[in-house]
Structure formats: structure tokens, C-alpha cells
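Just below is one structure, and these are the notes that go with it.
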Amino acid sequence: MSLRRTPLFEQHQALGARLVDFGGWEMPVQYTSILKEHAAVREAAGLFDVSHMGVFEVRGADAEAAMQALVPNNIARLKDGAGLYTQLC
């Protein structure tokens with residue numbers, strides 16, 4: 001079985017990431033050294049590609065109302081089959 005890749009996979013590769021199997025996804029675990037990356041995050045900022053997380057589907061008669069209560073975005077504006085990046089509150 002081949003590993004799935006996020007939309008940022010090619011960027012991770014271009015930046016020299018060491019890629020590993022992370023729950024079936026080919027994800028970066030390190031770019032330079034742990035110490036350099038630790039210092040960079042402490043002195044500036046760090047990012048983590050979360051595009052492989054949180055994909056789920058909600059169905060049923062009350063699905064829209066339930067999701068409206070859980071997220072800060074307006075679920076009603078979504079079209080069938082569309083997705084939305086948001087937070088669960």
C-alpha cells in the first residue's frame with residue numbers, strides 16, 4: 001500500500017524534509033536537526049502540516065444543526081460535497 005500525501009508534500013520535499021510514515025501519510029519528521037529546529041521554533045515560529053487530519057463526514061436529518069452548534073463557521077453556506085477548514089468548539 002502506498003502512503004498518502006498532503007497537498008504540501010512537494011513543498012516538504014523541496015525543503016529537504018526527512019519523510020516518514022505517519023499513520024499512512026508520508027509526512028515530514030525533520031528538516032535539519034532537532035536542536036536547530038527547536039531553536040527556530042523558540043526564537044521565531046514553527047508550523048505543522050495538519051491537512052491530513054480531521055477528515056470526517058456527518059450525515060443525518062440533524063447533521064447541519066449539529067455542526068452549526070459545533071463550529072464557528074456558517075455550515076449552511078456549504079454546497080453538497082464541499083469541505084470547510086474550521087475548528088470544533
request  = Kindly report the accessible area of the chain per residue (heavy atoms of protein chains, probe 1.4 Å, no ligands, DNA or RNA), in Å².
outcome  = 83 Å²
message = Could you give each residue of segment 35-40 its phi-based ³J(HN,Hα) in whole Hz, using Karplus coefficients 6.51, -1.76, 1.60 with θ = phi - 60°, and x for Gly or Pro?
response = 5, 5, 5, 4, 4, 4
query = Once amide H atoms are placed 1.01 Å from N in the peptide plane, what residues at a sequence separation of 5 or more from residue 4, or on another chain, have their amide H within under 5 Å of its amide H?
reply = 25, 26
ask   = Percent relative contact order of the chain, based on C-alpha pairs within less than 8 angstrom and at least six residues apart?
value = 18 percent
message = Probe radius 1.4 Å, ligands and nucleic acids ignored: give me the carbon and sulfur share of the accessible area of the chain as a rounded percent.
response = 56 percent
key: All-pairs Cα distance distribution in the chain, expressed in whole percent, bin size 10 Å   = 13, 33, 26, 21, 6, 0
remark   = For segment 6-89 the chymotrypsin sites (Phe, Trp or Tyr not before Pro) that pass both the DSSP coil test and the at-most-14 other-Cβ-within-10 Å test are 31, 48, 56, 85
query = Could you give the longest part of the chain that holds none of the trypsin sites (Lys or Arg not before Pro) found in DSSP loops with at most 14 neighbouring Cβ atoms within 10 Å?
reply = 1-58
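The values are calculated or read from the model by the stated rules, or taken from the named source; none is laboratory data. Keep in mind that this is a model prediction, so the values were computed, not measured. Because the Cβ atoms are built from the backbone with ideal geometry, glycine has one as well, and the counts that use them run over all protein chains shown. Just the protein is used for accessible areas: all its heavy atoms, side chains included, with ligands, DNA and RNA removed. Shrake-Rupley method; radii C 1.70, N 1.55, O 1.52, S 1.80 Å.
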